[in-house]
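A short worksheet on the structure shown next.
The values are calculated or read from the model by the stated rules, or taken from the named source; none is laboratory data. Just so you know, these numbers come straight off a predicted model, no measurement behind them. All Cβ positions, glycine included, derive from the backbone under ideal geometry; neighbour counts span all protein chains shown.
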Amino acid sequence: MQPTLGLISLGCAKNRVDTEGFAGLLQEVGFSLVADPAQAEYIIINTCCFIRSAQEESVDTILAAARYKTEGRCKVLAVVGCLVQRFGEKLQKLLPEVDLWLGTADYHRLPELLLAKEPPKGQLVQSQGKGWFLPEGRTRLISTPAHWAYLKIGEGCDNCCTYCVIPSVRGRRRSRSMQGIVAEAEQLLQRGVKELNLIAQDTSAYGLDRSDGASLARLLRELDGFAGEYWLRILYAYPSHVDRQLLETIAASKHVTPYIDLPMQHAHPRILDAMGRKGMGERLPELVREIREVLPQAVIRSTFITGFPGETEEEFQALLDFVPDAQLDWVGVFPYSREEGTPAASFKGQVHPATRKHRARQLMEVQAGITAAKQQELVGAVVTVLVEENDGSAGWGRSYREAPEVDGKIYFIGPAKVGEFYKARIVGILPPYDLKAELISAISERSLQSPVEWFTR
């Protein structure tokens with residue numbers, strides 16, 4: 001009888017891809033995945049440690065899953081990922097309920113450790129190397145809907161922002177081979193995927209660590225060459241690595257959406273310098289203008305941090321002023337989280353947590369009005385929609401303007417096939433950020449050559 005496996009993946013999309021990767025390895029050796037962890041003999045939790053709230057969620061999830069060792073069928077509880085890489089020895093002492101602790105470089109060892117003659121009992125496996133790629137040619141167990149997937153192109157980060165723990169838990173930048181990425185993309189498209197979302201800690205730095213001429217622009221040109229209807233979307237692009245060549249590559253492509261996820265984090269030069277993002281204060285307004293010059297249909301998503309150590313009222317006001325000037329489409333705002341082991345944790349002028357949160361609310365109020373106005377402007381437009389859900393009478397989907405899991409939705413009445421592209425006319429808004437549409441027709445064949453027409457018809 002096949003051993004049953006329950007998986008819980010917390011945190012970012014990079015974690016999710018890692019979980020999909022080792023789930024594929026475990027399925028190869030006979031594990032059977034079950035939806036309800038209470039019914040699983042083996043439970044694996046992939047954790048996040050990026051900020052305090054993520055750490056708390058990870059610990060709460062571990063404690064909840066531990067109950068299945070007495071109340072369910074669980075024989076082995078394994079905890080893996082970033083939280084383990086960062087706090088493994090502490091956690092091992094604090095949570096004896098856990099049978100196996102595994103760091104971010106050791107996912108390939110899960111089959112041997114879980115199937116060992118003697119099951120693990122509080123074992124910690126934590127290699128010095130950090131971060132992991134699924135071996136080339138192996139198959140992920142996709143956990144997203146069948147029509148879209150994440151495509152991991154790199155691991156680790158060299159940016160070393162002063163507030164961020166990622167380099168210490170994921171390691172230095174390492175780009176996958178273009179050959180491996182293209183092969184995986186082709187495999188996913190052949191399985192029916194219609195949208196590939198490119199991810200890494202810094203997608204725009206892809207190839208900078210390689211000596212074979214790889215770059216994000218070159219990779220996009222390769223990924224753009226497959227037949228059929230599909231979207232490519234770029235997430236997590238670091239501003240200093242987004243240049244005109246990349247933008248022109250997007251503009252000339254058939255499948256790359258004019259959507260750029262561009263975490264800016266702040267707008268005041270001194271704060272950005274203190275964050276380790278030197279030179280960005282002058283670069284960001286110029287970059288936004290350049291993006292819109294080369295890509296008039298561009299959608300820009302960004303994130304900001306409020307209450308960074310030393311942030312004065314005047315510096316926060318500069319951020320408040322920047323946001324309406326930039327007219328960004330989607331924004332996420334996070335109060336600064338003081339993380340042990342980061343340079344910023346020891347900076348003078350730590351801002352009170354209540355002030356950090358208050359400033360975050362202020363900034364989101366400003367952005368909410370901008371996003372609502374942009375949504376209103378779309379009423380009457382005809383867009384291409386990828387259908388996400390439909391029950392035969394109504395459903396919802398996304399245009400190129402909405403990334404999965406983080407942005408708004410487009411709702412419509414009527415039957416439509418999930419995972420297919422349709423033309424739709426926007427007829428209204430559903431506050432705060434969603435849209436109403438009427439379907440016009442399915443798109444069965446690519447007939448238009450203009451990239452802009454493919455996304456906005």
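Below is a table of values for the structure above.
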| item | result |
| --- | --- |
| Which listed residue is buried (at least 20 other Cβ atoms within 10 Å of the Cβ) and either out of contact with any Phe, Trp or Tyr (no Cβ under 8 Å at 6 or more places or on another chain) or free of Cβ contacts under 8 Å to residues at least 24 places away in the same chain (or both), from Gly131, Gly137, Gly72 | Gly131 |
| Filter pass, Arg270 being in contact with a helix residue (DSSP H, G or I) (Cβ under 7 Å, 6 or more places away or on another chain), on the phi < 0 side of the Ramachandran plot, in the same structural domain as Leu219 (by TED's automatic domain parsing) and among the basic types (Lys, Arg) | yes |
| Filter result (without any contact (Cβ under 8 Å) to a residue 40 or more places away in the chain and surrounded by fewer than 17 Cβ atoms within 10 Å (Cβ to Cβ)) within the range 110-123 | Glu112, Ala116, Lys117, Glu118, Lys121, Gly122, Gln123 |
| Yes/no for Arg359 being farther than 15 Å from Met264 by Cβ and touching a residue at least 12 places away in the same chain (Cβ under 8 Å) | yes |
| Segments classed as strands (runs of 3 or more DSSP E), wholly inside the range 1-99, with at least 1 members that are among the hydroxyl-bearing types (Ser, Thr, Tyr) and within 26 Å of the chain's Cα centre (by Cα) | 4-9, 42-47 |
| Matching residues, the range 300-321, being surrounded by fewer than 21 Cβ atoms within 10 Å (Cβ to Cβ) and touching a strand residue (DSSP E or B) at 6+ places or on another chain (Cβ under 9 Å) | Thr303 |
| Tally, over the range 358-384, of residues that are buried (at least 16 other Cβ atoms within 10 Å of the Cβ) and basic (Lys, Arg) | 2 |
| Those residues of the range 419-457 which are hydroxyl-bearing (Ser, Thr, Tyr), modelled with pLDDT of 75 or more and within 14 Å of Trp231 (Cα to Cα), in sequence order | Tyr422 |
| Search result, residues across the range 322-349 that are at negative phi, surrounded by fewer than 17 Cβ atoms within 10 Å (Cβ to Cβ) and in a loop (DSSP other than H, G, I, E, B) | Glu340, Phe347, Lys348 |
| Among (1) surrounded by fewer than 23 Cβ atoms within 10 Å (Cβ to Cβ); (2) more than 21 Å from Gly11 (Cα to Cα); (3) under 21 Å from the mean Cα position of the chain (by Cα) - the single one Tyr206 does not satisfy | (1) |
| Flag for Gly21 being surrounded by fewer than 18 Cβ atoms within 10 Å (Cβ to Cβ) and either touching a helix residue (DSSP H, G or I) at 6+ places or on another chain (Cβ under 8 Å) or closer than 30 Å to Leu151 by Cβ (or both) | no |
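So that you can scan it fast, the table gives a plain yes or no per residue for (1) closer than 25 Å to Met280 by Cα; (2) over 17 Å from the mean Cα position of the chain (by Cα):
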site	(1), (2)
Leu141	no, yes
Leu151	no, no
Pro167	yes, no
Ser175	yes, no
Gly180	no, yes
Gln187	no, yes
Val193	no, yes
Ser211	no, yes
